[in-house]
Every structure is written in structure tokens, then in C-alpha cells.
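Here the structure comes first, spelled out in C-alpha cells, and everything after it is commentary.
Just so you know, all these numbers are worked out from the coordinates, no wet-lab data involved. Being a predicted model, the structure only gives us computed values, none of them experimental. Here the Cβ positions follow ideal geometry from the backbone for every residue, glycine too, while neighbour counts run over all protein chains shown.
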Amino acid sequence: MADTTDLKKGFKMLIDRTPFVVVESQFVKPGKGQAFFRTKLKNMMTGAVLDRTFKSGEKLEKADTEEREMQYLYKEGDQFVFMDNETYDQMRIGEELLAENIHYLLDNMNIDVMLFEGRPIGVTPPNFVELEVTETEPGFKGDTSSNTTKPATCSTGLVVNVPLFVEVGDKLKIDTRTADYVERVKS
Amino acid sequence: MSESPRYPIDILQRLRPPAPVKLGGRVVALEGSTATVEDITASVPVECDAPPPLGAWVVATGEWNGVAVVGHCEVLTAPTGAFPKEDGDWPAFQREGAQRMQRLRARARARRAVRDFFDDRAFLEVETPAAVPSPGLDLHLDAFPVAGENPPRWLITSPEYQMKRLLAGGAPRIYQLARCWRRGELGALHEPEFTMLEWYRAFASSTEVMRDTEHLVAHVARTMLDGSTVIPGRGSPVDVAPPWQRMTVDEAFRVYADVAVDDVLPDEERFFRILVEQVEPQLGRMRPIFLTHWPASMASLARLHPDDPTRCDRFEAYVAGVELCNGFGELVDPVEQRRRFEADQKRRESEGRIAYPIDERFLGALEEGVPPSGGNALGFDRLVMLLLGAETIGDVMAFPSERL
């Protein structure tokens with residue numbers, strides 16, 4: 001059994017059978033009063049963040065979560081099939097759970113899958129992926145202004161704002177945490 | 001060993017080159033045969049005939065040409081491993097513009113300012129023991145036991161008992177910068193070992209001590225900040241110039257949490273939850289504030305309030321949401337004090353905490369007679385933190401517990 005001394009950033013715990021991860025934790029204690037830990041917790045299923053204050057010494061339940069590296073194999077209907085790189089077990093993950101991460105899935109790409117009691121609850125793609133541009137308006141030769149951008153559609157369906165010099169067929173480095181264009185990759 | 005270097009490195013600014021010099025310091029960078037030698041005042045490139053190892057403590061002898069010292073570095077001590085050492089003491093104190101070292105110097109200035117303030121007002125600086133027969137019976141404080149002592153000893157959680165015994169002994173104005181220890185307290189505003197500034201004033205109540213507090217903090221701020229009373233606080237500045245605002249606990253709960261203390265009070269945990277979640281963070285944001293008239297059930301060593309026996313003569317000051325001190329119009333009635341101690345012991349026992357002994361000599365002092373007095377315990381590390389705009393009290397200590 002865990003207790004409030006475990007309340008450090010990154011600690012994963014169960015509240016009402018839902019897994020939460022500690023985002024922030026602060027020890028607070030009035031000089032003549034009771035000690036508490038003021039925390040910000042993120043619901044690992046929904047991403048919602050909530051404030052919660054625990055009494056020092058309170059017992060906590062550790063969440064049975066683990067992160068595993070898996071390889072993306074293929075799409076089947078609205079399911080995405082992954083393979084655990086260690087056990088070679090296959091796992092299907094629905095579109096709903098992947099959400100915007102669908103736009104970063106490339107065949108054979110490794111991705112971290114968070115499991116809660118053996119079931120997938122979220123995925124973390126690599127921080128950067130390279131995607132090919134399939135559609136964008138032609139740029140204007142000679143325009144080097146860096147403030148002007150245009151939309152470009154990538155092979156996975158992701159639309160990003162890019163500088164005017166980007167053309168169809170270019171490979172772009174994308175930051176998956178912000179969904180932003182980083183640079184054009186020399187090929 | 002070589003003769004000691006005569007001057008700090010910043011003396012070079014005042015020398016007209018070419019000049020012969022002899023300087024001591026540490027080699028903090030090395031490029032070819034040029035060593036950057038640094039001491040607490042400055043650094044200088046030394047073009048050496050034989051380059052010393054990186055990290056070595058050296059005495060550089062040679063000629064100052066206005067840009068560099070050209071000459072020889074005598075190695076006094078050389079590091080046996082890598083330099084800088086990962087997690088070593090040099091980087092801990094010197095990185096980010098030697099921030100921790102600078103803060104230690106500022107802390108020393110703050111200590112001096114505190115002493116000047118009290119010495120000027122005829123307070124006697126005292127030192128009382130760290131290991132005591134009873135560390136206090138506060139329900140929410142746990143003490144470190146001193147191993148193997150019989151009768152048992154604990155490290156003080158505050159020097160309160162012995163200082164009040166000094167009042168009985170005839171010292172009417174006393175102060176102390178005391179090292180205190182509290183188990184299980186660690187966070188941005190807590191370290192298990194910390195420094196408490198505690199003072200007592202006879203023939204006084206909390207009114208006079210609150211006045212001491214605001215003038216003390218303003219004095220220390222002016223000393224540290226070139227006459228200004230606007231301190232960095234935590235993220236946004238706070239003007240600590242007196243007078244500070246006074247507000248009762250009842251009023252604060254009404255204003256910031258929209259509840260009546262008497263409705264909350266039967267549930268002590270709820271009281272403290274509201275205090276830490278809703279009230280404290282709002283207090284002292286632009287100007288410091290005193291919270292007064294605490295519930296009588298939380299009187300500790302304070303007397304009951306002369307205007308209202310359901311409240312006690314206890315105050316706390318808040319600066320930038322940080323509890324800076326806790327003071328009392330002191331309880332000097334031995335019968336009432338014994339009754340509270342016995343009740344505190346029972347409560348500690350029922351909550352599974354150690355019921356520390358009652359300090360009979362302390363009660364004896366009250367029986368002998370302690371003049372009506374006011375006292376205050378102020379977190380010195382927190383004061384320095386707020387004056388410097390540091391994030392944690394560990395940032396203004398030489399060695400916070402994580403560095404031990």
C-alpha cells in the first residue's frame with residue numbers, strides 16, 4: 001500500500017478505480033496545524049486535470065499501469081493493430097483512444113502504449129515524426145518571408161501550417177506534442 | 001607550501017599594468033596553456049608556463065599586463081576525479097552565476113540585520129539547548145529523538161520552553177536565532193532542520209510583538225535592498241513597510257472561503273483544509289497581513305483573548321501567501337498550562353503519536369511567575385527566501401536535506 005510520501009510527480013494512483021498520474025505535488029503545513037499534500041492529478045483516461053488535497057499519512061492505492069513499446073502493424077476497420085516489441089503479442093486499439101495520434105502513425109513505427117490493468121488507455125508517439133506532404137498550394141518563388149505560411153496536408157491526413165517554399169512530396173519534421181511543423185527534411 | 005596569496009583577484013582592476021602579482025584561486029577553465037583562475041571576487045586568465053589541471057587550487061605568480069597574468073601556476077590541490085564533479089559541491093554553489101553562494105552571503109547580511117535590530121532595542125541574544133527533555137506537545141509536531149539518552153532527549157521543535165524560563169529568570173527582552181528540527185516536514189517551505197528567529201518581550205501582549213515583527217521585517221528588507229521595503233516575494237512583489245494589515249481568522253474565513261469558523265470548527269481537519277486551500281494562498285499578496293484571534297482550541301501556549309474567551313491571543317503573519325511567523329500573548333497561568341499539556345498528551349496518544357513528557361521545569365517557571373509577555377517565532381529561512389525571491393527555503397540554505 002502506498003501513502004502520501006509517494007506523492008511525487010509521475011506517481012500513478014487509483015481514485016474510484018480510475019488511474020491518475022501526479023502532475024504536481026506540494027507539502028503544505030500550517031506551523032500549528034495538520035500537514036497536507038496539495039496535488040494536481042491528471043486522469044489518465046480522459047486527460048482532465050483536477051486539484052486534490054490529501055491529508056499527510058493517508059493511504060493511497062497504486063495504479064497498476066505500465067508503459068510498453070509497441071510497433072504499429074496495420075489498420076483493420078476502425079481498429080489499429082500493434083505488436084508488443086518484447087512479447088510479440090498483438091493488441092488492437094480503437095480510433096477513439098488514439099485520437100489525434102492517428103495522424104502520426106506510420107507503418108512499423110514504435111510507439112509507447114500505456115496499459116491499465118492490461119488494457120490500453122493511451123499512446124505516446126515519438127516526439128518527432130517525419131511525414132510526407134501530399135497536398136499544398138504551389139509556393140511563390142523568391143518569397144522568403146518567414147511570417148507567411150500556408151496549410152499543407154500530409155500522407156496521414158494531418159494538416160499543418162508550413163512556410164511557402166514547401167512543396168508536394170517534401171518530407172516534414174513534425175513535433176507530435178504541439179502538432180507543429182519544425183523543418184523540412186533534406187532527402 | 002607556497003606563501004599565501006596576498007590579494008583577492010578583483011584587486012587587478014586597481015593595478016596599473018605591468019605589475020607583479022600573486023593570486024590564489026581555482027582553475028575553472030583551461031584552454032591550451034591559459035588557465036582561468038577564479039576566486040570569490042573575480043576571475044582572470046593566467047598564461048602559464050606549465051598548465052595546471054582543471055579544477056586545481058593554485059597560486060598564480062607573474063606579471064599582470066592588463067588582460068592576463070603571465071607567469072606560473074603552483075598547484076596546491078588537484079582534484080583526483082573529474083572536474084566539475086557531477087553533483088559535486090563546486091557546481092552546487094557556483095552554477096547560475098554562483099547563485100547559492102550569493103544567497104549565503106545575503107543570508108549572512110540578513111542575520112546581521114536581525115541582530116542589529118534587536119540589539120538596538122536592548123534585547124539580549126541568548127542560546128538555549130538543542131537537546132531537551134520535552135520538545136513540546138503540539139499535536140501536529142513530531143520531534144527527532146536523540147539516540148541512546150537516558151532520561152530521553154529530543155531535538156527542539158522550537159526553543160519556547162527554555163526562553164520562557166529565561167523570562168522567569170529575569171531577562172525581560174530576549175531573542176535567539178535557533179536551529180530547530182521537525183520530523184517529516186519537507187517541501188518548498190519546509191526542511192526538517194531549519195532556523196527559527198524567536199523573541200520574547202515582557203510586559204507586553206501580541207500587540208507589541210506584531211509591531212516588532214513589521215518593523216523587524218522592514219528593517220531587514222531596507223538593509224538588504226538599498227533602503228527599499230519592496231521585496232520580490234513569490235512571483236510578485238510585496239511592500240513590507242509598516243503598518244501591516246490585521247484581520248481576524250473569522251474575517252479571513254468569511255472573506256476568502258465564505259464560511260463561519262464556528263461552523264467549521266467541530267471538524268478540525270476541515271478547518272485546516274480550508275486554511276491551506278482557500279485562505280492562505282490569498283494572504284499577504286501585495287502587503288503582509290496578520291491573522292489574529294485564533295480559535296481557543298488552537299491556543300497552544302497562548303493566553304485566551306482578553307476580549308473573547310472563545311478565541312486566543314495568537315497571531316500569524318503572512319507574506320506572499322507564506323506563513324512567516326506565529327506569535328502569542330503568552331499563557332503564564334501554570335494551572336491552565338498543565339491542564340492543556342495533559343489534554344495534549346491524551347490527544348497525541350489517541351492519534352498514535354508519541355506523548356512527550358511534560359516539562360516540569362517549564363511549569364515550575366510559570367509557578368515561580370513569568371511576567372505577562374508576548375513572543376514570536378519567525379521562520380528565518382522563509383524570510384530570507386522572500387527577501388531574495390528564491391523558490392524554496394532549501395535554496396537559501398548551504399545544505400538543504402537533499403544535499404546531505
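Taken about its Cα centre, region A:2-62 carries a charge dipole of roughly 120 debye when the Cβ of each Lys and Arg holds +1 and the Cβ of each Asp and Glu holds -1. Applying 0.36 nm per residue to the separation of B:Ile40 and B:Ala241 and subtracting their alpha-carbon distance, the gain on full extension is 69.0 nm. Indicate the gyration tensor shape class of the protein assembly as shown (rounded, prolate or oblate), computed on the Cα atoms with a ≥ b ≥ c the square roots of the eigenvalues: a/c under 1.5 is rounded; otherwise a/b larger than b/c is prolate and the rest oblate. Here the protein assembly as shown falls in the oblate category. For A:Glu76 and B:Arg183, a Förster radius of 51 Å and the Cβ-Cβ distance give a FRET efficiency of 0.30, rounded to the nearest 0.05. Listed by chain and number, the lysines placed with their C-alpha closer than 24 angstrom to that of A:Lys32 are A:Lys55, A:Lys59, B:Lys164, B:Lys346; residues fewer than eight positions away on the same chain are left out. Does chain B come out rounded, prolate or oblate by the C-alpha gyration tensor, with a ≥ b ≥ c the root eigenvalues, rounded set by a/c under 1.5 and, if not, prolate when a/b is larger than b/c and oblate if not? In terms of gyration-tensor shape, prolate.
Check cross-link reach from A:Lys62 to the lysines: straight Cα distance under 27 Å, and skip same-chain residues fewer than eight apart. Result set, ordered by chain and number: A:Lys8, A:Lys9, A:Lys12, A:Lys29, A:Lys40, A:Lys42. For B:Ala147 and B:Val75, a Förster radius of 51 Å and the Cβ-Cβ distance give a FRET efficiency of 0.75, rounded to the nearest 0.05. In a simple Cβ point-charge model (Lys, Arg +1; Asp, Glu -1; nothing else charged), region A:9-109 has a dipole of about 1140 debye relative to its Cα centre. Within the straight-line cut-off of under 20 Å between alpha carbons, the lysines reachable from A:Lys173 are A:Lys150, A:Lys186, sequence neighbours fewer than 8 places apart in one chain being disregarded.
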